[in-house]
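So the structure is just underneath, and the comments pick up after that.
The values are calculated or read from the model by the stated rules, or taken from the named source; none is laboratory data. It should be emphasised that the depicted structure is a prediction, and the values quoted were computed from it without experimental measurement. Cβ sites come from the backbone with ideal geometry, for glycine too, and all protein chains shown count toward neighbours.
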Amino acid sequence: MVLVTGGCGFIGANFIRFVLATRPDWHVVNLDKLTYAGNLQNLNDIADDPRYRFVRGDICDQDLVESLFAGHRINTVVHFAAESHVDRSITGPDTFIRTNIFGTFTLLEVARKHWLGEAGGDNRGAQIRFLHVSTDEVFGSLGARGYFSETTCYDPRSPYSASKASSDHLVRAYFHTYGLPVLITNCSNNFGPFQFPEKLIPLVINNGLQGVSLPVYGDGGNVRDWLFVQDHCEAIARALEQGRPGESYNIGGHNEKRNLEVVELLCDILDRQAGPLASGKPRRSLITFVRDRLGHDRRYAIDAGKIERELDWRPRTSFSEGLEKTVAWYLGNRPWLESVIDGSYQEYYRKMYGAGGTAGEGKK
């Protein structure tokens, strides 16, 4: 039985869909607090699947987590649940510390007790895994050359990345101290269906459809490596099945792009798939440069050689193909997009960035 935390979020929902479609012997319990970025609509069509159960709750609630382990005989955890938006971490870091650090600690403690014998049993011989999904942002910022590898020193620059670095260290400590069978994956920027529209790609799609400004941080030259979410889900499943406990695996898409380049490509695809603006102008005319974000890392780039060599995983989707699929999905799911952009979200972005939101690069 697999416990997925944060399974109503962007990557978590895609992962649950992926494993139910490709792993017929897997059963999933989805624990999600349903914060602003968690959406039950993301899994509406599989809600009645007998191999799936949703539980609303907080990963910091130890009693609840213990009841799930005991009641469902959990033997695998895939830990997505996290506060993940860098801008929000700058204005309100306390939530990030609680969820990303204390929440991870709570899950580790309950797993340790149940799997290693302190909760009325000892599953040391069982095929058990605790996979912690992390980010490339824990490594800090790269110069014009080089790549993040699994041995790169941590150098987080924002409250978000610092909280994820802390949780990574906790996970490793539970392996070295207690022998808990953990894995860590550090991924690059994800994109694809069901991503909440505070992140770069869905935000640009939404603003572009509305014909409002597309603000880009600084000079737009910040570089990110992009990973199509379905490729990421396949990599996580591969790590669960074949990864060596105690190891970390970097997952990247080999798609380094400047933020401005991403925005321009999206404008062109929208013009082609949705038609031009009412004014007749191309959507590139909506791009506006705004003051850079505090502590904005210049470049991230992933060396995914280890997972390619050891687990025979490689991304299947090119960046251009993934963007075309993503724009088509949002165009075909306008009711979903409109439903997640409620009044509180609009007010937050008006307060933070003015009308139209920001087009800084998004994370998970």
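Restricting the first member to segment 223-234 and to residues that are among the aliphatic types (A, V, I, L, M), and the second to residues that are crowded, with 24+ Cβ neighbours inside 10 Å and part of a strand (DSSP E or B), the beta-carbon pairs closer than 9 Å and six or more apart or on different chains are LEU227/CYS187; LEU227/ASN189; LEU227/ASN190; LEU227/PHE191; LEU227/ILE251; LEU227/ILE302; VAL229/ASN190; VAL229/PHE191.
In segment 152-206, the qualifying residues are those that are touching an Asp or Glu at 6+ places or on another chain (Cβ under 6 Å) and of a type in the set (Ser, Thr, Tyr), and the one that is farthest from ILE101 (Cα to Cα) is SER188. Scanning segment 238-252 for residues that are out of contact with any Cys (no Cβ under 9 Å at 6 or more places or on another chain) and assigned to a loop (DSSP other than H, G, I, E, B) yields a total of 5. Do we find that LEU142 is modelled with pLDDT under 95 and either more than 19 Å from LEU3 (Cβ to Cβ) or in contact with a strand residue (DSSP E or B) (Cβ under 6 Å, 6 or more places away or on another chain) (or both) in this structure? Answer is yes for this residue.
For every residue, the table says whether it meets (1) surrounded by 14 or more Cβ atoms within 10 Å (Cβ to Cβ); (2) closer than 23 Å to THR152 by Cβ; (3) β-branched (Val, Ile, Thr); (4) touching a Phe, Trp or Tyr at 6+ places or on another chain (Cβ under 8 Å).
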{"residue": "ASN255", "(1), (2), (3), (4)": "yes, yes, no, yes"}
{"residue": "CYS267", "(1), (2), (3), (4)": "yes, no, no, no"}
{"residue": "LEU277", "(1), (2), (3), (4)": "yes, no, no, no"}
{"residue": "ASP297", "(1), (2), (3), (4)": "yes, yes, no, no"}
{"residue": "ILE307", "(1), (2), (3), (4)": "yes, yes, yes, yes"}
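Just one of the numbered conditions (1) closer than 20 Å to GLU264 by Cα; (2) assigned to a helix (DSSP H, G or I); (3) touching a Pro at 6+ places or on another chain (Cβ under 9 Å) is not true of ALA235: (1). Just one of (1) under 17 Å from the mean Cα position of the chain (by Cα); (2) farther than 20 Å from LEU337 by Cβ fails for HIS27. It is (1). Taking segment 156-227 and the strands (runs of 3 or more DSSP E) fully enclosed by it, the elements with 1 or more residues that are more than 20 Å from ALA37 (Cα to Cα) are at 182-187, 214-217.
The residues of segment 279-295 that are at pLDDT 90 or above, among the aliphatic types (A, V, I, L, M) and either surrounded by fewer than 17 Cβ atoms within 10 Å (Cβ to Cβ) or within 30 Å of TYR154 (Cβ to Cβ) (or both) amount to a single one, VAL290.
Please pick out the residue among ASP231, ASP219 that is out of contact with any His (no Cβ under 9 Å at 6 or more places or on another chain), under 24 Å from ARG17 (Cα atoms) and not polar (S, T, N, Q). Reasoning before the result, please.
Numbers: ASP219 fails: under 24 Å from ARG17 (Cα atoms).
The conditions single out ASP231.
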